[in-house]
Amino acid sequence: MSESPLVLLTGATGYIGGRLLPALRADGWRVRCLARRPQQLRARVPPGVDVVRADLLRPESLPSALAGVHAAFYLVHSMGETGDFEIHERLAAENFAAAARAAGVKRIIYLGGLVAAQRPLSAHLRSRLQVGAVLRASGVPVIEFRASIIIGPGSLSFEMIRALVERLPIMVTPRWVRIPAQPIAIQDVIDYLRAALKLEITGNLILEIGGPDRVSYAELMQEYARQRGLRRWMIPVPLLTPRLSSLWLSLVTPLYARVGRRLVDSIRHPTVVCDDSALRLFPIRPIGVREAIARALEDEDCNFAQPSWSEALPATTRQSRRWGGIRAGNRLVDTHTIHVPTSAANVFAAVESIGGKTGWYYANWLWNLRGWLDLLWGGVGMRRGRSDPDHLHVGDVVDGWRVEALEAGQRLRLRAELKLPGRAWLEFKVQPEGNGARLTQTAIFDPIGVSGLAYWWAVWPVHQVVFAGMLRGLAKAALKRQATPPAAGTVATI
């Protein structure tokens, strides 16, 4: 891998860059990431990735970052910036283009927006085009991909669709909701970007990319609702200004109002692929809308902590909305931690013994009450117990839960099988820390519609008491294990 050319990745903390980085490493490329705050990125990058401090608005910081670079990905934007974001984007692109030319970079790969034939363009799309033109003017060969809606967990458009459908049984839909677009799945975007590194070119290329389906936002929302088992009604209205739409989106979705307005501005006209060059140059065949949404929902089940579009926003403008917990996609996440002055092995042994005759370490009467209510609703309740009082395996039953993931000594994730207006998980992680161990307990809930959100808000105050008590109970149980010597004829293990 040390012999492979060096690739520079900008925007590694963003939605696209955060997913592209591990793919580049898997392909065998040496990767260097450019970041204004490298200390925040270093803990998140795969081993062997170089992280350098540089700022696109400070040209003197760029030469060292681009030294020895074969190809560079330009995946930055300033939609969340205050002031004139078009000026920021143009200056950043000019600085980067000049530094890339001086460093002898062989190609720049840029992801922009799919533009409509109509004019005038929105400020966002106009800026995306301008950035592409600035990069091409550098003399460095540029491959510019242009995409419409990107479907994937954490993407700006997908999060807007999800929040609207989950929270609003009845929607008053403005005209822009019915404008046709050509969505593309996030994995197909990543595949195009990866393939662009090996494509033989002699000059600049502009490639429009999209999936096989031409649909509107309304159709995307209907398909999302179908896959989530929700019934939604849409009432069309003849007009709704981008300003009013952005304020409305800010109230009912995680979108920052400024970003929402710029997004709405960008989808007032059709954004469909008119040039099929990408299909002719690459062996990539993008998937359709139905499969893209299904994969997005499935990917979240595997990893709800993937990078989101909002992570690329400046800290001064990033919103952290707490609907009874932190949002991770559609999921609501409530985390508690405690330091336990004993070994990680003792702490995990207490965790692995949870449920059954051991109980839940705090307020067992509340857990029993919840189980009785579940039985009344036709659920499994909390009386199934567990087959082994001390050890668990993936698939084992623990009262009203089932073991979904288990990493010996480190992590246990339980999936609820109780009757709920959504899906729920309870996860425990144990890590050595100083003279003891840190125990992290995370409740994760994937609400279905308004009833799911209402349920979470109703039980959240109880969770704060119960889960905090559970942590204290687990800590006491772990300390008790430390104080209890091994039984005769046994060997203590660490």
**Residue ID - surrounded by the fewest Cβ atoms within 10 Å (Cβ to Cβ), chosen from residues in segment 154-193 that are under 26 Å from Leu281 (Cα atoms) and aliphatic (A, V, I, L, M)** = Ile190
**Asked** In segment 347-360, which residues are open to solvent by 20 Å² or more (accessible area, probe 1.4 Å) and under 16 Å from Arg383 (Cα atoms)?
**Response** Gly356, Lys357, Thr358
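Does Arg167 satisfy being modelled with pLDDT under 95, basic (Lys, Arg) and on the phi < 0 side of the Ramachandran plot?
So Arg167 fits the description; yes.
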**Item:** Residue that is modelled with the highest pLDDT, among those in segment 28-85 that are open to solvent by 40 Å² or more (accessible area, probe 1.4 Å) and of a type in the set (Ser, Thr, Tyr)
**Value:** Ser64
**Fill in**
If we ask which residues in segment 187-202 are over 22 Å from the mean Cα position of the chain (by Cα) and at pLDDT 90 or above, their number turns out to be 6
**Sole residue being at pLDDT 90 or above and open to solvent by 60 Å² or more (accessible area, probe 1.4 Å), chosen from Ala102, Ala133** = Ala102
**Message:** Conditions first: (1) out of contact with any Asp or Glu (no Cβ under 9 Å at 6 or more places or on another chain); (2) open to solvent by 20 Å² or more (accessible area, probe 1.4 Å); (3) hydrophobic (A, V, I, L, M, F, W, C). Leu406 passes all but one, so which condition is the exception?
**Reply:** (1)
**Asked** Does Ala12 satisfy the criteria of being at pLDDT below 95, open to solvent by less than 30 Å² (accessible area, probe 1.4 Å) and closer than 18 Å to Tyr110 by Cβ?
**Response** yes
**Fill in**
Those strands (runs of 3 or more DSSP E) completely within segment 315-422 that have 1 or more residues that are in contact with a helix residue (DSSP H, G or I) (Cβ under 7 Å, 6 or more places away or on another chain) and either of a type in the set (Lys, Arg) or modelled with pLDDT under 90 (or both) are 331-340
**Prompt:** Within the set of pairs 6 or more residues apart or between chains, which connect a residue that is in contact (Cβ under 8 Å) with a residue 24 or more places away in the chain inside segment 11-24 to a residue that is among the polar types (S, T, N, Q) and open to solvent by 20 Å² or more (accessible area, probe 1.4 Å) with Cβ atoms less than 8 Å apart?
**Reply:** Thr13/Gln40; Tyr15/Ser308; Gly18/Gln306; Arg19/Gln306
**Request:** Collect the residues in segment 423-437 that are under 17 Å from Val398 (Cβ atoms) and surrounded by fewer than 18 Cβ atoms within 10 Å (Cβ to Cβ), keeping them in residue-number order.
**Result:** Arg423
**Message:** Criterion first (surrounded by fewer than 19 Cβ atoms within 10 Å (Cβ to Cβ) and more than 30 Å from Pro169 (Cα to Cα)) does Leu392 satisfy it?
**Reply:** no
**Item:** Filter result for the condition that a residue is surrounded by fewer than 17 Cβ atoms within 10 Å (Cβ to Cβ), under 28 Å from Arg226 (Cα atoms) and either at pLDDT below 90 or within 17 Å of the chain's Cα centre (by Cα) (or both), over Ala296, Ala305, Ala292
**Value:** Ala305
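The values are calculated or read from the model by the stated rules, or taken from the named source; none is laboratory data. It should be emphasised that the depicted structure is a prediction, and the values quoted were computed from it without experimental measurement. Cβ atoms come from the backbone with ideal geometry, glycine included; neighbour counts cover every protein chain shown. For the accessible areas, the whole protein counts, side chains as well, though only heavy atoms, and no ligand, DNA or RNA atoms are used. Shrake-Rupley method; radii C 1.70, N 1.55, O 1.52, S 1.80 Å.
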